[in-house]
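Since the structure comes first, as structure tokens, the remarks are kept for the end.
Values in this text are rule-based calculations from the coordinates and carry no lab data. Treat the numbers as computed from the prediction; the structure is a model and nothing was measured. Glycine also receives a Cβ, built like all others from the backbone with ideal geometry; neighbour counts cover every protein chain displayed.
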Amino acid sequence: MTLTTDRAALDDWYVVGISADVTPQAPRRTRLLGQDIDVTRGPDGRAVVRMVGGAGDGLLCRSEERYGFVWTTFGTPGRGIFPLDEAAEPDRRLVTCGMVEVAASGLRLVENFLDMAHFPFVHTDILGALDKPEVEQYQAEIRADVDEVWATNCRFWQPLAAATSTGGQTSHYVYRVVTPFNVLLYKTCPEAPERFDAIALFIQPVEADRSIAYPLMVVIDSVNADADIVMFQQKIFLQDRMILENQRPRTLPLDPRAEIPTRADLSSVAYRRWLKTKSLGYGTYEYAGA
């Protein structure tokens with residue numbers, strides 16, 4: 001495979017590594033949008049992203065570090081990396097939770113992140129319970145003023161909602177899809193019920209049907225060590241990976257006739273409609289380009 005020609009995919013920001021893992025002594029060879037890249041640090045300590053092979057061999061890419069990750073772009077994004085205000089709050093923990101490779105489109109990963117209906121069946125006795133499978137009515141919309149997808153008034157009973165949980169709770173969720181491959185979740189914080197924890201899933205689309213996921217926790221947690229928070233989040237995502245890698249097709253169909261939605265899929269419907277308005281093809285079933 002070679003670098004995609006999909007302009008909508010090129011003109012965006014992507015995570016390509018965890019900042020703490022990137023050193024001059026151990027450059028990271030990886031792929032983004034079908035293109036090999038090296039991620040390392042220059043003499044001034046800044047992250048450097050360079051194309052390897054193909055027509056762009058040796059080309060330096062724009063890069064930034066934000067929220068504990070290295071970000072890059074091959075194109076000219078219309079805006080900077082999105083704000084995550086909670087990351088600047090002094091009483092919060094910002095924990096990068098490793099990376100997970102998934103044999104599925106990054107768009108499939110975002111849609112799975114938005115799906116509450118699978119909680120009781122995939123994350124049994126953690127994020128959901130088999131005797132309480134109902135998804136209550138919620139709202140989903142495309143917010144044109146910020147060019148994002150939001151799902152609000154989401155509620156779900158969870159036996160173990162977070163690493164800090166001591167019992168079951170009805171969690172309140174707000175979902176925010178900030179770019180096609182980056183999604184945020186705000187949910188009830190067990191330690192501070194009047195506030196929300198923030199959970200992010202940043203996705204590196206390696207190929208159209210292969211991805212690397214980077215979970216991030218921005219939480220109020222005075223109890224658990226970072227390793228405990230990472231273990232909790234990794235357990236959840238590895239359960240998701242089994243489902244994602246068995247979905248067919250591995251890319252995401254945008255044709256509304258391809259997969260029939262239910263009332264619980266409002267956020268998915270809004271997400272797919274939003275992708276079509278952006279003319280994004282990469283990672284979709286309909287995309288035939290490189």
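Using only the alpha-carbon atoms, how far is helix 266-277 inclined from the longest principal axis of the chain? Give it as 0 to 90 degrees, nearest 10. Rounded to the nearest ten degrees, it is 20.
Across all directions, the shadow cast by the convex hull of the stretch 86-277 built on its C-alpha atoms averages 10.6 square nanometres.
As a proxy for reagent exposure, Cys189, Cys97 were ordered by neighbouring Cβ count within 10 angstrom, fewest first; the result is Cys189, Cys97.
Seen against the Cα atoms of the chain and their longest principal axis, helix 226-244 is set at about 80 degrees.
Ranking of Tyr285, Tyr271 by neighbouring Cβ atoms within 10 Å, starting from the fewest: Tyr285, Tyr271. For the chain, relative contact order (Cα pairs under 8 Å, six or more residues apart, normalised by length) works out to 22 percent. Each residue in Met217, Met231 was given a count of other beta-carbon atoms within 10 angstrom of its own, and listing them fewest first yields Met231, Met217.
The residues neighbouring Arg46, those whose beta-carbon lies less than 11 Å from its own, together hold a net charge of -2 under the Lys/Arg +1, Asp/Glu -1 convention. Where a ≥ b ≥ c are the square roots of the eigenvalues of the C-alpha gyration tensor, would you call the stretch 1-117 rounded, which needs a/c under 1.5, or, failing that, prolate if a/b is larger than b/c, or oblate? It is oblate, given that a/c is not under 1.5 and a/b is not larger than b/c.
If r is the Cβ-Cβ distance from Asp38 to Val174 and R0 is 35 Å, what FRET efficiency results, to the nearest 0.05? Efficiency, from the Cβ-Cβ distance: 0.40.
In nm, give the distance between the simple-model label positions of Arg29 and Arg143, each being 7 Å from the Cα along the Cα-to-Cβ direction. So the two model labels end up 4.2 nm from each other.
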